[in-house]
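One structure is given below, represented as structure tokens, and several questions about it will come after.
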Amino acid sequence: LLLADSQIEEAPEKSIVLLRPLLSADSPARLDALMLTADAHRERGAPSDLRSALGIYDAVLARPELAYPLSNRLFWLKGQVFEELGQSQPALDAYYHVVRRENLPEAEHPSEWYYFSRCAFDAVEILEQGALPRWDAAVEILRKVENSESPWRKEAGRRRAEIQLEHQLFDSR
């Protein structure tokens, strides 16, 4: 794993080859090997490699009882890959999955804020840059972060207020 990880940037093909034996279902290092393989595919950067990375993320997300923090990270990574492929709507869908906490197990309190906040801010960026910016949706996403326990809640509140002022979006909330 360490050797494959050290070669991802300079020789992603070698990393993929090194990781193959660790991808078997009975390998205790399978999850780590899958994540590194996805990183190597992303480093290669061809559309087919990016789709391979998406396939890996989906396979890991399909695992039963996947930890909430890892799930958030995987949805953020999926969003990033979709953006690299120039596909804004699937990227937005991946980010919204985390922002809406659709992957939060029932009766579990949110415990991960980094990827939650990244998904929110990246979704807002997509909404701002669209042909028809969706300012109301951006404000709602920022409000979710602002009303959470995220360390970035003040930044979200500041950004929400800027958007509301700039685009004259005022409501009674």
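Restricted to region 30-62, and to residues that are within 13 Å of LEU1 (Cα to Cα) and of a type in the set (D, E, K, R), which residue is least open to solvent (accessible area, probe 1.4 Å)?
The residue in question is ASP39.
What are the residue pairs meeting all of these: first residue in region 100-113, first residue within 21 Å of ALA138 (Cα to Cα) and of a type in the set (A, V, I, L, M, F, W, C), second residue in a loop (DSSP other than H, G, I, E, B) and open to solvent by less than 50 Å² (accessible area, probe 1.4 Å), Cβ atoms under 6 Å, and 6 or more apart or on different chains?
If the second residue must be in a loop (DSSP other than H, G, I, E, B) and open to solvent by less than 50 Å² (accessible area, probe 1.4 Å), the pairs left are TRP113/SER150.
State all residues of region 77-87 that are farther than 11 Å from CYS119 by Cβ, open to solvent by 30 Å² or more (accessible area, probe 1.4 Å) and part of a helix (DSSP H, G or I); if no residue qualifies, say none.
PHE82, GLU83, GLU84
Under 7 Å by Cβ, and 6 or more places apart or on different chains, what pairs join a residue from region 38-54 that is over 14 Å from ILE8 (Cα atoms) with one that is open to solvent by 50 Å² or more (accessible area, probe 1.4 Å) and not polar (S, T, N, Q)?
So the pair list comes out as LEU50/ARG42; LEU50/GLU84.
Let me ask something additional. Quick check on my filter: what residues within region 30-49 are among the polar types (S, T, N, Q) and closer than 14 Å to LEU18 by Cβ?
THR37
Can you tell me which residues in region 20-29 are under 21 Å from LEU70 (Cβ atoms) and open to solvent by 80 Å² or more (accessible area, probe 1.4 Å)?
Hits for region 20-29 are ALA25, ASP26, PRO28.
So, one more: Could we say that LEU74 is open to solvent by less than 60 Å² (accessible area, probe 1.4 Å), assigned to a helix (DSSP H, G or I), in contact with a helix residue (DSSP H, G or I) (Cβ under 6 Å, 6 or more places away or on another chain) and under 23 Å from GLU9 (Cα atoms) here?
Answer is yes for this residue.
Next question, about the same structure. Condition check: in a helix (DSSP H, G or I) and open to solvent by 60 Å² or more (accessible area, probe 1.4 Å). Does GLU65 satisfy that?
No: the conditions fail for GLU65.
Filter region 97-147 down to the residues that are at pLDDT 95 or above and among the hydroxyl-bearing types (Ser, Thr, Tyr), then identify the one that is most open to solvent (accessible area, probe 1.4 Å).
Taking the candidates together, the pick is TYR114.
Mind checking which residues of region 150-172 are part of a helix (DSSP H, G or I), more than 27 Å from PRO90 (Cβ to Cβ) and either at pLDDT below 90 or open to solvent by less than 100 Å² (accessible area, probe 1.4 Å) (or both)?
GLY157, ALA161, GLU162, GLN164, LEU165, GLU166
For region 9-19, does any single residue satisfy the condition of being hydrophobic (A, V, I, L, M, F, W, C), open to solvent by 40 Å² or more (accessible area, probe 1.4 Å) and part of a helix (DSSP H, G or I)?
yes
The values are calculated or read from the model by the stated rules, or taken from the named source; none is laboratory data. Note that the coordinates shown come from a computational prediction; the quantities given were computed from them, not determined experimentally. Positions of Cβ are generated from backbone atoms using ideal geometry, with glycine treated the same way; all protein chains shown enter the neighbour counts. When the accessible area is computed, the model is the full protein with side chains, heavy atoms only, and any ligands, DNA or RNA have been set aside. Shrake-Rupley method; radii C 1.70, N 1.55, O 1.52, S 1.80 Å.
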